[in-house]
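This report refers to the structure that appears directly beneath it.
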Amino acid sequence: DSGVTQTPKHLITATGQRVTLRCSPRSGDLSVYWYQQSLDQGLQFLIQYYNGEERAKGNILERFSAQQFPDLHSELNLSSLELGDSALYFCASSLSPGSANSYNEQFFGPGTRLTVL
Amino acid sequence: TQLLEQSPQFLSIQEGENLTVYCNSSSVFSSLQWYRQEPGEGPVLLVTVVTGGEVKKLKRLTFQFGDARKDSSLHITAAQPGDTGLYLCAGGSNYKLTFGKGTLLTVNP
């Protein structure tokens with residue numbers, strides 16, 4: 001158990017809908033990351049928040065957005081869903097935000113499996 | 001765009017055999033991490049290497065970071081069925097991790 005929790009575990013919805021995925025980081029961790037994992041693309045970084053502020057952006061679509069709240073939990077909002085958005089979505093957390101020249105060890109949650117029908 | 005290529009993509013071996021998986025890039029990373037992921041679970045961090053040429057051992061697993069910090073290898077000695085899983089390498093730089101697509105290892109009893 002990494003200490004990172006994600007809800008829900010599974011989510012089935014229809015095209016065009018909007019969903020919200022929730023993540024609680026490990027106790028004491030200030031940084032939260034969101035990743036999408038699909039069979040063809042592998043694990044893709046979406047976005048990072050540190051202590052409530054957006055820190056880094058990856059391959060996140062404009063239809064997706066995220067935020068980190070004062071209690072440090074984070075939510076990933078996916079809207080106008082398409083079939084291709086079906087994937088595993090992981091949240092990870094770390095103590096530090098990382099920097100251009102240092103590493104940050106990330107601890108992953110169990111993921112949310114999103115199926116868009 | 002930084003890319004990490006992992007090879008082989010799939011590996012099926014018998015219990016007791018040794019194996020090596022590779023992670024290569026044309027980019028330099030400040031750190032290289034190895035994760036193992038089991039079906040339906042999130043990746044679990046195994047090790048982080050940060051210095052070119054660094055070697056770290058974790059029981060039967062040996063990790064090496066290339067001298068130029070562009071590549072890494074994971075060697076498993078006397079593989080066991082419990083080693084089965086998806087092994088992912090991830091390069092750290094510019095505030096984020098870039099993941100390879102992984103090596104799916106199956107160790108048959």
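The values are calculated or read from the model by the stated rules, or taken from the named source; none is laboratory data. Keep in mind the model is a prediction, meaning the values are calculated, not measured. No Cβ is skipped: glycine too gets one built from the backbone with ideal geometry, and neighbour counts run over all protein chains shown.
Looking across the stretch B:3-33 at every residue that is within 11 Å of another protein chain (Cβ to nearest Cβ) and over 15 Å from B:PHE65 (Cα atoms), the one that is nearest to the chain's Cα centre (by Cα) is identified as B:GLN9.
Taken together, the residues in the stretch B:54-103 that are among the aliphatic types (A, V, I, L, M), more than 14 Å from A:LEU43 (Cα to Cα) and within 14 Å of chain A (Cβ to nearest Cβ) amount to 0.
Look at the stretch B:34-50 and say how many of its residues are of a type outside the set (Val, Ile, Thr) and more than 7 Å from chain A (Cβ to nearest Cβ). So the answer is 8.
Yes or no, residue by residue, for (1) more than 9 Å from chain B (Cβ to nearest Cβ); (2) loosely packed, with under 13 Cβ neighbours inside 10 Å; (3) in contact (Cβ under 8 Å) with a residue 40 or more places away in the chain:
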site: A:VAL32; (1), (2), (3): yes, no, yes
site: A:TYR49; (1), (2), (3): yes, no, no
site: A:PHE64; (1), (2), (3): yes, no, no
site: A:ASP71; (1), (2), (3): yes, yes, no
site: A:ASN77; (1), (2), (3): yes, no, yes
site: A:LEU83; (1), (2), (3): yes, yes, yes
site: A:PRO97; (1), (2), (3): no, no, yes
site: A:PHE108; (1), (2), (3): no, no, yes
site: A:LEU117; (1), (2), (3): yes, yes, yes
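In this structure, is A:HIS10 farther than 17 Å from B:LEU45 by Cβ and more than 11 Å from chain B (Cβ to nearest Cβ)? Criteria not met by A:HIS10. Within the stretch A:71-117, restricting attention to residues that are of a type in the set (S, T, N, Q) and not in a strand (DSSP E or B), the residue that is modelled with the lowest pLDDT is A:ASN101. Go through the stretch B:84-109 and report how many residues are surrounded by fewer than 21 Cβ atoms within 10 Å (Cβ to Cβ), in contact (Cβ under 8 Å) with a residue 60 or more places away in the chain and not in a strand (DSSP E or B). Looking only at that region, the number is 2.
Does A:GLN44 satisfy the condition of being at the interface with chain B (Cβ under 9 Å from one of its Cβ atoms), closer than 24 Å to B:LEU86 by Cβ, touching a Pro at 6+ places or on another chain (Cβ under 9 Å) and assigned to a strand (DSSP E or B)? Considered against the rule, which asks whether it is at the interface with chain B (Cβ under 9 Å from one of its Cβ atoms), closer than 24 Å to B:LEU86 by Cβ, touching a Pro at 6+ places or on another chain (Cβ under 9 Å) and assigned to a strand (DSSP E or B), A:GLN44 comes out as no.
Of all residues assigned to the stretch B:18-39, at least one qualifies as being more than 29 Å from A:LEU88 (Cα to Cα) and touching a Ser or Thr at 6+ places or on another chain (Cβ under 9 Å). Residues that are touching a Lys or Arg at 6+ places or on another chain (Cβ under 6 Å) and small (Gly, Ala, Ser) within the stretch A:1-44 comprise A:GLY3, A:GLY42, listed in sequence order.
Candidates in the stretch A:18-30 are the residues that are part of a strand (DSSP E or B) and either within 13 Å of chain B (Cβ to nearest Cβ) or basic (Lys, Arg) (or both); of these, the one that is farthest from A:HIS73 (Cα to Cα) is A:ARG22. Within the stretch B:61-83, the set of residues being touching a residue at least 40 places away in the same chain (Cβ under 8 Å), at negative phi and in a loop (DSSP other than H, G, I, E, B) comprises B:ALA68, B:LYS70, B:THR77, B:ALA79, B:GLN80.
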